[in-house]
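So the structure is just underneath, and the comments pick up after that.
Rule-based calculations on the coordinates, nothing more; no lab input. A quick note: this is a predicted structure, and the numbers were derived from the prediction, not measured. Cβ coordinates were reconstructed from backbone atoms using ideal geometry, including for glycine residues, and neighbour counts include every protein chain displayed.
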Amino acid sequence: MPEIRRVRRGPKRKREEHARTAQAPLLAGAADRARALALTPVSRETLERLERFVALLLAWQRRTNLIAPSTVPLLWTRHIADSLQLLELAPNAREWIDLGSGGGFPGLVIACALAGTPGARVHLIESHGKKAAFLREAQRLTATPASVHAMRIEEFVTTYDGPVDVITARAVAPLKSLFYQTFPLLGKSGAIALFPKGQHAELELREACESPAVQAWGMDATLVGSRTDPAGRIVVIRNVERRGTTP
């Protein structure tokens with residue numbers, strides 16, 4: 001019977017293997033970051049703010065579920081770039097309202113891009129206490145023009161009477177619910193709505209428009225392709241007004 005020899009790995013080899021294992025997520029994150037910035041280029045100042053935000057989010061993610069764990073390796077494309085692409089659809093907008101901001105997408109990311117823009121303000125609406133606390137810390141760390149409102153969406157849209165150019169909501173609720181919640185504010189403000197959706201956006205839009213509550217309102221709705229997801233669509237809502245009323 002041949003002799004079996006056991007090869008022992010020395011401390012140096014073990015350290016090298018541990019280093020390679022630790023580096024793998026970093027390399028994957030760097031590649032994802034590069035893809036995101038190629039899709040949605042930003043200034044050096046904005047990138048610095050985004051990097052501070054991402055570092056804070058990853059630290060909080062260990063104890064608070066801010067994003068789906070499966071999306072962490074693709075954080076920059078799935079969340080950062082996916083949020084930044086909305087800016088092109090409203091390049092002159094200054095007053096933004098982000099409903100159900102959660103981990104800061106898209107609202108805090110948009111605020112990072114608009115920092116330094118005169119008159120810019122992003123309102124982050126989040127009823128979950130821990131997530132609202134995270135958003136406040138992220139706003140402080142990034143020094144962005146954002147305000148955190150720790151309240152339910154229904155409460156905010158019925159009490160807010162300030163200016164608004166754009167209302168956003170990402171992964172918050174079906175379009176039918178979003179329309180019901182936001183149309184009164186969209187109707188009186190003349191703002192537009194940007195709702196990122198997945199591959200079933202067209203079906204979801206059609207079903208929402210068949211609702212009697214939604215049919216009481218007139219609007220212009222279009223679907224715009226997503227840069228970050230070939231199957232995704234952004235639902236763009238303009239010119240909302242209650243039917244049978246004079247503008």
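Its relative contact order, with pairs defined as Cα atoms under 8 Å and 6+ residues apart, puts the chain at 15 percent.
Look at the dipole of the chain built from charges on Cβ: of 223, 107, 235, the Cα furthest out on the positive end belongs to 107.
Residue separation of residue 155 and residue 206 scaled by 0.36 nm, minus their Cα-Cα distance, works out to 15.7 nm of gained length.
In terms of its Cα atoms, segment 25-242 spans 51, 34, 33 Å along the principal axes, sorted from long to short. Remark: the Cα gyration tensor places segment 193-247 in the oblate category, a/c being 1.5 or greater and a/b not exceeding b/c.
Among 166, 235, 224, which one shows the highest mean-square fluctuation when the chain is modelled as a Gaussian network with alpha-carbon springs under 10 Å? So, out of 166, 235, 224, the one fluctuating most is 224. On the beta carbon distance between residue 68 and residue 35, with R0 = 22 Å, the FRET formula returns roughly 0.70. DSSP bridge analysis restricted to the chain gives an antiparallel fraction near 45%, rounded to the nearest 5. Using only side-chain charges placed at the Cβ, +1 for Lys and Arg and -1 for Asp and Glu, the dipole size of segment 25-242 relative to its Cα centre rounds to 560 debye.
Using θ = phi - 60° in the Karplus curve 6.51 cos²θ - 1.76 cosθ + 1.60, the 3J(HN,Hα) couplings for segment 66-82 round to 8, 9, 4, x, 5, 9, 4, x, 10, 3, 5, 7, 5, 10, 5, 5, 4 Hz; x is entered for Gly and Pro. Between the alpha-carbon centres of segment 190-225 and segment 89-138 there is a gap of 22 Å.
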